[in-house]
Amino acid sequence: MKATIIFLGFAQYIPYFISMFRGRTRPSVSGWLCFALSLFVTLVASLFMGSISILVSCGMGLLCQIFIIIAGVRQGVAFMPSRMEIFVLWMVAFSGVAWFASGDASVAIYVNLIAEVAGTFFIFLKTLRHPMSEALLTWGMGLLGSGLAVIHFNDETGAHYAYLLNVFLSNLLIVGLLLYQRFVPADGKRGP
């Protein structure tokens with residue numbers, strides 16, 4: 001099961017890579033940096049606490065995010081964070097300070113959960129405005145992988161499981177929105 005979760009953690013980025021290399025997508029360096037830094041702090045905190053569940057479920061995602069950031073910089077995309085991204089970056093910084101001050105790594109994970117929820121909210125709003133801006137295949141593979149992680153690591157407790165559950169629910173929310181947008185016309189009326 002772990003191998004499948006790891007594979008899906010990588011495979012969900014393939015459609016994005018293809019779109020990026022074909023020139024259809026220009027990655028938001030600041031947006032991806034927010035997610036990568038948040039995930040990095042969460043992974044380190046999780047490993048510090050002796051758990052590999054977040055590493056297994058999200059480790060490949062972090063590597064892919066770093067690759068996307070590098071590709072974005074090489075394409076000349078500037079680091080120009082929005083207000084939401086600045087908020088997320090401050091939350092990530094605060095998570096490290098809170099961990100250091102409290103001596104409890106789970107505090108960093110919980111603070112990054114807030115950053116992740118903010119990021120999901122940002123993606124949700126963007127997808128409402130621009131329905132074709134997110135790929136259903138990418139989010140669908142993310143939903144499957146995160147769902148398997150929630151099932152496989154069901155013996156986890158506290159911050160680790162809360163993080164895994166948040167990733168699953170975030171994927172579920174975006175997949176639900178994408179399916180709704182595909183099968184319900186923009187005017188909201190069904191049928192002829």
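Just one residue in the set Phe100, Phe94, Phe153 is over 17 Å from the mean Cα position of the chain (by Cα) and crowded, with 20+ Cβ neighbours inside 10 Å; that residue is Phe153. Checking the stated criteria, Ile114 turns out not to satisfy the condition of being modelled with pLDDT of 90 or more and over 20 Å from Leu173 (Cα atoms). Restricting the stretch 45-60 to residues that are in contact (Cβ under 8 Å) with a residue 60 or more places away in the chain and assigned to a helix (DSSP H, G or I), the residue that is nearest to the chain's Cα centre (by Cα) is Cys58. Quick check on Val73: is it more than 18 Å from the chain's Cα centre (by Cα), over 19 Å from Pro15 (Cβ atoms) and in a helix (DSSP H, G or I)? Spelling it out, Val73 is indeed more than 18 Å from the chain's Cα centre (by Cα), over 19 Å from Pro15 (Cβ atoms) and in a helix (DSSP H, G or I).
Each row is one residue, and each column tells you yes or no for (1) aliphatic (A, V, I, L, M); (2) under 22 Å from Ser146 (Cα atoms).
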position	(1), (2)
Gly23	no, no
Arg26	no, no
Met49	yes, yes
Ile52	yes, yes
Ser57	no, yes
Ile68	yes, yes
Phe87	no, no
Met91	yes, no
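Residues in the stretch 13-44 that are of a type in the set (Val, Ile, Thr) and modelled with pLDDT of 85 or more: Ile14, Ile18, Val29, Val41, Thr42, Val44. Checked against the criterion of being assigned to a helix (DSSP H, G or I) and either in contact with a Pro (Cβ under 6 Å, 6 or more places away or on another chain) or touching a residue at least 60 places away in the same chain (Cβ under 8 Å) (or both), the candidates Ala118, Ala101, Ala108, Ala162 yield just one match: Ala108.
Checked against (1) under 20 Å from Tyr180 (Cβ atoms); (2) in contact (Cβ under 8 Å) with a residue 24 or more places away in the chain; (3) more than 15 Å from the chain's Cα centre (by Cα), Ser82 passes all but condition (1). In summary, Val175 fulfils each of the numbered conditions (1) under 23 Å from Ser46 (Cβ atoms); (2) surrounded by 18 or more Cβ atoms within 10 Å (Cβ to Cβ); (3) touching a Leu at 6+ places or on another chain (Cβ under 7 Å) with the single exception of condition (1). Residues considered: Gly147, Gly142. Of these, the only one that is surrounded by 22 or more Cβ atoms within 10 Å (Cβ to Cβ), within 15 Å of the chain's Cα centre (by Cα) and farther than 14 Å from Leu33 by Cβ is Gly142. Comparison of Leu125, Leu177 shows that the only residue that is in contact (Cβ under 8 Å) with a residue 12 or more places away in the chain and either over 20 Å from Ser51 (Cβ atoms) or outside any helix (DSSP H, G or I) (or both) is Leu177.
The values are calculated or read from the model by the stated rules, or taken from the named source; none is laboratory data. From a predicted model like this one, the values you see are computed outputs, not experimental measurements. Note: ideal-geometry Cβ built from the backbone for every residue, glycine included; neighbour counts use all protein chains shown.
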